[in-house]
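J.: Before I ask anything, let me first share the structure, which is written out below as structure tokens.
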Amino acid sequence: MKQEPGKAAPPAPPGAGGTAVVLLSGGLDSATAAAWARREGYRLAALSLDYGQRHRCELDCARAVAAALGIADHVILPVDLAAFGGSALVDDAIAVPKDRSDEAIGRGIPVTYVPARNTVFLALALAMAETRGADAVVIGVNAIDYSGYPDCRPEFIAAFSRLASLATKAGVEGRPLEILTPLAALTKAEIIRLGLDLGLDYGLTSSCYDPDAAGRPCGGCDSCRLRAAGFQAAGAIDPRAAPRG
């Protein structure tokens, strides 16, 4: 189903009421996608990845979100992408950019891009989905208010969906799993409004790339800035935005 920018998240496709595996990072977008899938009648299982990220507090957030949404089948899987390095999110020698302008955030691919992360994550979610007899994988990628990551684009999702139909037992037997991206064409403000309408507590989520030891957001990284702008545009208060003290 094709979405247009600025439109509400689409209804689930025919057959909703089956099982979906949601990639749950503990961030704002993935939590909203999970709440959307629950509203649409899917029985949810969740997969979170402990990939060596510097912001590991998001895994605690993922646990909290899963509990709040009643997701009992929640797998937290270690996958050491830090062994490869190459990103500020997994390599302490690379600084997380701070206080970049909106123009800079929207230009190029930043050092917070983790090489092939969503490809790896979706492949693992696909494997989990087959073991659960699931009908869909849900991922909270967004192609509007994002930081230029190539693996958030609709072209990537379309290509992975094609791969999923060829690379799985379910696919070759004529029961391909769908890759659902309900937030793909929504602005950050629209995502936040959707989550609030769904009763989601954003205080359970974390978006910061460089939180302190207590999990408090830095306020200056690209993700913090996009989140803050989204809450402002939505006319809402971010319950996670308490300043460091």
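J.: Under a 5 Å amide H to amide H cut-off, with H placed in plane at 1.01 Å, what residues pair with ARG43 once short-range neighbours are removed?
T.: Hits under the 5 Å cutoff: GLY17, GLY18, THR19, ALA20.
J.: Now for a different question. Given just the C-alpha atoms of region 88-134, how large is their convex hull per residue in cubic angstrom?
T.: 107 Å³
J.: What percentages make up the Cα-Cα pair-distance distribution of region 155-245 when the bins are 5 Å wide from 0?
T.: Pair shares across the bins are 3, 13, 17, 16, 12, 11, 11, 9, 6, 2, 0, 0.
J.: Which angle between 0 and 90 degrees, to the nearest 10, do you get for helix 117-132 versus the longest principal axis of the chain when only C-alpha atoms count?
T.: The answer is roughly 40 degrees.
J.: Okay, moving on. Once amide H atoms are built 1.01 Å from N in the peptide plane, which residues 5 or more positions from SER48, or in another chain, come under 5 Å H to H?
T.: LEU24, VAL75, ILE76, LEU77
J.: Please list, in order along region 77-88, the HN-Hα scalar couplings obtained from phi with the Karplus expression 6.51 cos²θ - 1.76 cosθ + 1.60 (θ = phi - 60°), rounded to whole Hz, x for Gly and Pro.
T.: Running phi through 6.51 cos²θ - 1.76 cosθ + 1.60 with θ = phi - 60° gives 10, x, 9, 7, 6, 5, 5, 8, x, x, 8, 5 Hz.
J.: Still on this structure: I want to verify the translational diffusion coefficient of the chain in µm²/s; compute it with Stokes-Einstein, Rh as the Kirkwood radius over Cα pairs, at 4 °C and 1.567 mPa s.
T.: Using the Kirkwood radius from Cα pairs, D works out to 72 µm²/s.
J.: Can you compute the charge dipole magnitude of the chain about its Cα centre, using +1 on each Lys and Arg Cβ and -1 on each Asp and Glu Cβ, nothing else charged? Give it in debye, rounded to the nearest 20.
T.: It works out to roughly 220 debye.
J.: Using amide H atoms built 1.01 Å from N in the peptide plane, name the residues 5+ places from VAL138, or on other chains, whose amide H lies under 5 Å from its own.
T.: VAL21, VAL22, LEU23, LEU180
J.: Same structure, new question: Give me a comma-separated list of calculated 3J(HN,Hα) values for region 174-191, in order, Karplus coefficients 6.51, -1.76, 1.60 applied at θ = phi - 60°, integers in Hz, x for any Gly or Pro.
T.: For region 174-191, the Karplus-derived couplings read x, 10, x, 6, 8, 9, 9, 10, x, 9, 4, 10, 9, 6, 4, 4, 5, 4 Hz, x marking Gly and Pro.
J.: What is the packing order of peptides 165-176, 18-29, 37-48, taking the mean over residues of other C-beta atoms within 10 Å and listing the highest first?
T.: 18-29, 37-48, 165-176
J.: Once phi is turned into ³J(HN,Hα) by the Karplus curve 6.51 cos²θ - 1.76 cosθ + 1.60 with θ = phi - 60°, what whole-Hz value does each residue of region 67-72 show in order, with x for glycine and proline?
T.: Result, rounded to whole Hz: 5, 5, 8, x, 8, 7.
J.: Please give the calculated 222 nm ellipticity per residue for the chain, where each DSSP H segment of at least 4 residues contributes -39500 (n - 2.57) and the sum is spread over every residue; nearest 500 deg cm²/dmol?
T.: -10500 deg cm²/dmol
Just so you know, all these numbers are worked out from the coordinates, no wet-lab data involved. The model shown is predicted, which means the values in this text are computed figures rather than measured ones. No Cβ is skipped: glycine too gets one built from the backbone with ideal geometry, and neighbour counts run over all protein chains shown.
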